Amino acid sequence: MSINTEKRLTRLELRFGNVDFEGATVKQYEVLNDMRVWRAFINAYTRKGFVIFDEEALPREELLEKLADLKPEVISERYVTIGELVESSMSWNNIIGKT
């Protein structure tokens with residue numbers, strides 16, 4: 001199986017209106033169990049977070065429904081390729097070792 005590293009993923013930056021530490025932890029786990037979601041982070045203290053997902057496979061509306069009890073507000077969005085996501089996830093030692 002090969003992955004197209006040029007495939008475009010959607011990154012939504014979110015602000016939450018109703019979140020506590022336990023609720024954020026549980027919701028982040030639930031969202032990350034969906035194979036269509038590549039990354040997710042919910043910070044209960046700052047009430048902000050992000051989700052990186054494949055919008056072709058997971059409609060934005062469905063994702064926002066999963067997060068509805070946290071009252072999410074999209075504050076920005078951008079697109080990243082799978083290649084960019086993988087590279088940004090690597091440690092600095094691995095990146096420096098490639099050059």
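Only the coordinates and a few stated rules stand behind these numbers; no lab work does. Note that this is a predicted model, so its numbers are computed, not measured. Methodologically, a virtual Cβ is constructed for each residue, glycine included, from the backbone with ideal geometry; neighbour enumeration extends over all protein chains shown.
So how many Lys-Lys pairs in the range 8-98 land under 26 Å Cα to Cα, not counting same-chain pairs under 8 apart?
5
Where the Cα atoms of the chain are projected onto their three principal axes, how long is each span, largest first, in whole Å?
Dimensions of the chain along the principal axes of its Cα atoms: 44, 29, 24 Å.
Can you tell me the 0 to 90 degree angle between the C-alpha axis of helix 21-32 and the longest principal axis of the chain, rounded to 10?
50 degrees
At 0.36 nm per residue, and after removing the present C-alpha to C-alpha distance, how many nm does the segment from residue 48 to residue 35 gain when stretched out fully?
Computed gain between residue 48 and residue 35 is 2.5 nm.
So what's the net charge close to residue 22: Lys and Arg +1, Asp and Glu -1, counting the other residues with Cβ under 14 Å from its Cβ?
-2
Residue 79 versus residue 4, label points 7 Å from Cα toward the beta carbon: distance in nm?
1.2 nm
What number comes out for the charge environment of residue 58, summing +1 per Lys or Arg and -1 per Asp or Glu over other residues with Cβ under 12 Å away?
Net of charged neighbours comes to -4.
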